[in-house]
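Chemist: Attaching a single structure in structure tokens format; questions to follow.
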Amino acid sequence: MTITVSKTAGNKAEITWDPKTDDPRGWLAKIIENGNLEDALTALGDEREAGDTGSEHNARRLAHATGTLARLLERREQHLAVRLKNTYRLTWSQLASVLFEDPGKRSSAQRKYEAGLRQMGRPVNAPTLDDAVSGSEN
């Protein structure tokens, strides 16, 4: 991964990436070119939490961009949950700590993991590598 966000001066930043290795499907390029990243960051930086956007049109635009980016990131989070559980063998508590900063949210972590499996077209009820090795549910 070679995507970098560099603070260039004061309140300016620059995003750099290799389109072939970092963004082969063009998701990053698309959200930048269509303004969704800019609009989502505008909404994120609004200390009034969606305060006065100036108009209904602006509020709709910011909501659309934020929702679009949130859905893309949610899908990536689900896939990463599968990677962390299956490849790196995190327990449900460890996964909950990573995803929710709360090791007690094991069932929420498991739902995120199962959603990732469904997104990937993989069976949800198949044992994980960790379950197969330990013979138990973590």
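The values are calculated or read from the model by the stated rules, or taken from the named source; none is laboratory data. In this text, all values refer to a predicted model and were calculated from it rather than measured experimentally. Virtual Cβ from ideal backbone geometry, glycine too; neighbours counted across all protein chains shown. We work out accessible area using only protein heavy atoms, side chains counted, and drop any ligands, DNA or RNA first. Shrake-Rupley method; radii C 1.70, N 1.55, O 1.52, S 1.80 Å.
Chemist: Quickly run through the range 2-36 and pick out the residues that are open to solvent by less than 30 Å² (accessible area, probe 1.4 Å) and either under 16 Å from the mean Cα position of the chain (by Cα) or at positive phi (or both).
Modeler: In the first step, residues of the range 2-36 are kept if they are open to solvent by less than 30 Å² (accessible area, probe 1.4 Å); the result is 23, 26, 29, 31, 35-36.
Result: 23, 26, 31, 35, 36.
Chemist: Something else now. Just checking, how many residues over the range 38-51 are closer than 19 Å to residue 3 by Cα and either in contact (Cβ under 8 Å) with a residue 60 or more places away in the chain or open to solvent by 30 Å² or more (accessible area, probe 1.4 Å) (or both)?
Modeler: Looking only at that region, the number is 2.
Chemist: Now for a separate question. Hey, which of the helices (runs of 4 or more DSSP H) in the range 1-113, taking only ones fully inside, have at least 3 residues that are at pLDDT 95 or above and among the hydrophobic types (A, V, I, L, M, F, W, C)?
Modeler: 56-86, 92-100
Chemist: Here's another thing I want to ask about it. Using beta carbons and a limit of 9 Å, which pairs, at least six apart or on different chains, have the first residue in the range 7-35 and of a type in the set (S, T, N, Q) and the second one assigned to a loop (DSSP other than H, G, I, E, B) and open to solvent by 70 Å² or more (accessible area, probe 1.4 Å)?
Modeler: 16/2; 16/3; 21/1; 21/2
Chemist: Mind listing just one residue for me: the one in the range 52-89 that is free of Cβ contacts under 8 Å to residues at least 24 places away in the same chain and open to solvent by less than 30 Å² (accessible area, probe 1.4 Å) and, of those, nearest to residue 25 (Cα to Cα)?
Modeler: 67
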